[in-house]
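Written below as structure tokens is the structure these notes are about.
The values are calculated or read from the model by the stated rules, or taken from the named source; none is laboratory data. Computed from a predicted structure; not experimentally measured. Ideal geometry is used to build each Cβ from the backbone, glycine not excepted, and the neighbour counts take in all protein chains shown. Areas reflect the complete protein model, heavy atoms only, side chains present, ligands, DNA and RNA absent. Shrake-Rupley method; radii C 1.70, N 1.55, O 1.52, S 1.80 Å.
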Amino acid sequence: MKHIVTFEKIFPKNILAFTTDRAADFHFKKSTPILNRAQKIFLKSHAGLDSAALFNIQQIHGRRTVLGRPHQAEILKADASITNIPGVALTVRTADCLPVFLYDSKHKAIGIVHAGWKSTDKRIVIHALKAMKRKYRTQYKDVKVAFGPAMHVCCFETDRTFLRRFPEDTVLEGGKFYFDNAAANKRQLASLGVVPKNIYDKRVCTYCNKQFFSYRRDGKDTGRILSVIMLKI
Ligand SMILES: [Zn+2]
């Protein structure tokens, strides 16, 4: 069984991008080392990735974007990171939240976003792309986007407050409310000028598919899947 999901359909060969499954738990622990031996071996054997390349963030369901750098000394609180430095592997860790991969094909810059509903509500994907524009002169029409495994609208049951937050992306079915996080992020990307054909949704629901961790299905002690994007050296 293949233990990573990849995105060759949208990203060229100079990009390494993948999401792990529940064969390894990448739950963030604020201690050194960030990765244990089993996690390092997993990344090497399944993705050919040296774990020293990882740039980690402490996710807080906000909207802050930080710059990914090599030889990370400090773990910053943020929910997105960007870089144009080859060999820096940007990461987010999720269990139902949406991992969003960004690639500026013209300026060779990348980004990754942890879009739970709270960060989607704060329009984090727009903030991350604006940071890429400021820093790398990214033009939105050149951006390719991939959505990794996340809880989809089939399972994202919520309450009526979402009708007010996300009126266009909350659906009422059988007297229950469901939130379409991917659709909300697509809408935000489109509002900036990202081209619809440049957005690739893997369409894997973490709740439906037991190959992945799901916070909603498994509870708060569940693990985290790791999403990575890196410009190859
Ligand atoms: Zn589902």
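When the criteria are applied in full, Thr91 meets the requirement of being touching a strand residue (DSSP E or B) at 6+ places or on another chain (Cβ under 7 Å), crowded, with 20+ Cβ neighbours inside 10 Å and under 25 Å from Cys208 (Cα atoms). If you check Leu163 against the conditions, is it in contact (Cβ under 8 Å) with a residue 60 or more places away in the chain, part of a helix (DSSP H, G or I) and in contact with a strand residue (DSSP E or B) (Cβ under 9 Å, 6 or more places away or on another chain)? The answer is no for Leu163.
Please determine, by comparing only the residues of region 179-233 that are part of a strand (DSSP E or B) and within 16 Å of the ligand (Cβ to nearest atom), which one is farthest from the chain's Cα centre (by Cα).
Of all residues in region 179-233, those part of a strand (DSSP E or B) come to 179, 199-201, 205, 225-231.
After this cut, where a residue has to be within 16 Å of the ligand (Cβ to nearest atom) as well, the list is 179, 201, 205, 225.
Details: Phe179: 18, Asp201: 12, Cys205: 14, Ile225: 10 Å.
Result: Phe179.
Note on region 182-233: residues that are closer than 21 Å to Tyr103 by Cα and basic (Lys, Arg) total 6. For region 1-34, residues that are assigned to a loop (DSSP other than H, G, I, E, B) and either in contact (Cβ under 8 Å) with a residue 24 or more places away in the chain or more than 19 Å from the chain's Cα centre (by Cα) (or both) total 22.
Listed here are the residues, each with its yes/no results for (1) more than 16 Å from the ligand (Cβ to nearest atom); (2) farther than 19 Å from Leu192 by Cα; (3) open to solvent by less than 70 Å² (accessible area, probe 1.4 Å).
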| position | (1), (2), (3) |
| --- | --- |
| Lys118 | yes, yes, no |
| Val125 | yes, no, yes |
| Lys130 | yes, no, no |
| Arg134 | yes, no, no |
| Asp142 | yes, no, yes |
| Phe162 | yes, yes, yes |
| Phe166 | yes, no, yes |
